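Bear in mind that the values in this text are calculations on the coordinates, not laboratory data. Just so we're clear, the structure is a prediction, and the values are computed from it rather than from any experiment. Neighbour counts run over all protein chains shown; Cβ positions are idealised from the backbone, glycine included.
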Ligand SMILES: [Zn+2]
């Protein structure tokens, strides 16, 4: 009895030792020979903004396919995805107008918005704190006006993603809701806590058959100015001119690289980010870092000569920003091809210092077991925060189509992400090389543990 406990104990200890030695190798490879930073530089500087349907999005597809081919992954292939094609057109113009004064303010059209008349749109403004207030004011107060949604990020949230989640209904559904009450346009405070002059774009969704009205985001400083002007002046109008439009759908692609599993080749572990970005910037942190980390995970395994038991895929999803078509297609094909999937991990919260991972829809016993078994292995790398939480937009559809899959979100430090989420300053210069590499190594470490031990913890 005592002997068997000792034997089991030492077996478990030696497995832990093998794991901890291999994790060290992963981090060494990432930090000494890592390539995500130089790859990200190419994606940002040689290709640049890559909104779905654009010529640059196609360039990014071609280049990432070539890159993974050059790394010698076992299989590199494309999945056809039909995506929306929205174009911004000329630079937007906006002014606060009162008395004889006109003050220009920075705005950008929301993705999916219609344009204004060629001469622009001028109307009175009504400020609201959200959809609830819009509803309580009703058509009498709203009709013929521009609705100004100005509820800021709640700074009390520690994870900034929660503040985004609590504010973003104003952008995503605000215009469609305001149109129901006869509004002629919508201005939304940018979805960020930082106070500056950069407006942040992002998707808005009209309702099928509903009225469409032009919608734009205003910088946080512009929003504060508009709000204070509304309080101080009697007759305040807002002028908005934008000529964005939606063109016919375009054929595009998810790009997939694969290392074949030696024991269970038809059982997959997916790691991914989204290849498309908004059009205003290089899409460095959103989500160039995620796609380049995903490629790097496979590169690390290959460089270390690691032959995974399960097939491991790096997926560059297309169209996360304004349609989610790539994620939907990946899940559809996984189901159609009868693939088994252990887990899917998404990196789409920036390339910042890794902190841990969040596991979607898991039971408390799962979290207890994973913390007991794996936290000690991840602690030396400061990426041991293993919690329940969201996973990622691109992998979310797998939940409905693949039984028993575990969906996981990579969780870097969140404090700076929304400074850079969708404005013109989401550029390569705002990514830190070591943070990016540590993130790739952390994801590789988790995938190695899943590949070796599964996620059932029996
Ligand atoms: Zn993103």
- Task: Note down the Stokes-Einstein diffusion coefficient of the chain in µm²/s, whole number, using a Kirkwood radius over alpha carbon pairs, 10 °C, and 1.306 mPa s.
- Result: 69
- Task: Measure nothing but the geometry: give the 0 to 90° angle between the long axis through the Cα atoms of 220-232 and the longest principal axis through the Cα atoms of the chain, rounded to 10°.
- Result: 30
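Using a Förster radius of 56 Å, what is the FRET efficiency between residue 42 and residue 98 based on their Cβ-Cβ separation? Nearest 0.05, please. Mind showing how you got there, number by number?
Numbers: r = 48 Å, r/R0 = 0.85.
The calculated FRET efficiency here is 0.70.
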- What's the angle, to the nearest 10 degrees (0 to 90), between helix 325-336's Cα axis and the longest principal axis of the chain? 40
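Rounded to a whole number of µm²/s, how large is the Stokes-Einstein D of the stretch 208-309 at 25 °C and 0.890 mPa s, given Rh as the Kirkwood radius over C-alpha pairs?
Numbers: Rh = 19.1 Å.
Translational diffusion coefficient: 128 µm²/s.
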- Taking the DSSP beta bridges in the chain as the whole, what percent of them are antiparallel, to the nearest 5? 55
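Quick check: residue separation of residue 154 and residue 13 times 0.36 nm, minus the Cα distance between them. What number comes out in nm?
Here the segment from residue 154 to residue 13 would lengthen by 46.2 nm.
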- What would the Debye formula give as log10 I(q)/I(0) at q = 0.10, 0.24 Å⁻¹ for the alpha-carbon point model of the stretch 103-213, no solvent? -0.28, -1.48
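Per residue Cα convex hull volume for the stretch 47-91, in cubic angstrom?
Working: hull volume 2.8 nm³, N = 45.
So the per-residue hull volume is 62 Å³.
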- Mind computing the radius of gyration and Dmax over the alpha-carbon atoms of the stretch 331-458? Å is fine for both. 15.4, 48
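Based on Cα coordinates alone, diagonalise the gyration tensor for the stretch 96-157, multiply each eigenvalue by 5, take square roots, and list the semi-axes in whole Å, largest first. Write down the numbers at each step before the final one.
On the way: eigenvalues 99, 58, 44 Å².
Its equivalent ellipsoid spans semi-axes of 22, 17, 15 Å.
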- Query: Which angle from 0 to 90°, rounded to the nearest 10, does the C-alpha axis of helix 55-70 make with the longest principal axis of the chain?
  - Reply: 10
- Message: What is the distance in Å between the Cα centroid of the stretch 264-287 and that of the stretch 52-113?
- Response: 15
- Query: From Cα coordinates alone, what are the radius of gyration and Dmax values for the stretch 268-319 in angstrom?
  - Reply: 12.6, 41
- Note on the structure: Here the gain from full extension of residue 136 to residue 388, 0.36 nm per residue of separation minus their alpha-carbon distance, amounts to 87.2 nm
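Volume per residue, Å³, of the convex hull around the alpha-carbon atoms of the stretch 135-266?
Working: hull volume 27.7 nm³, N = 132.
It comes to 210 Å³ per residue, whole-number rounded.
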- Task: Would you calculate the separation in nanometres between label points at residue 433 and residue 375, each defined as 7 Å from the Cα along the Cα-to-beta-carbon direction?
- Result: 3.5
- Using R₀ = 25 Å, calculate the FRET efficiency as 1/(1 + (r/R₀)^6) where r is the Cβ-Cβ separation of residue 336 and residue 264; round to 0.05. 0.80
- Task: Take the Cα atoms of the stretch 48-146, build their convex hull, and give its volume per residue in Å³.
- Result: 189
- Message: Would any residue of the stretch 82-104 have its amide N under 12 Å from a label point 7 Å out along Cα→Cβ of residue 197? List them or say none.
- Response: 104
- If each part is reduced to its alpha-carbon centroid, the stretch 116-138 and the stretch 371-432 end up apart, in Å, by 35
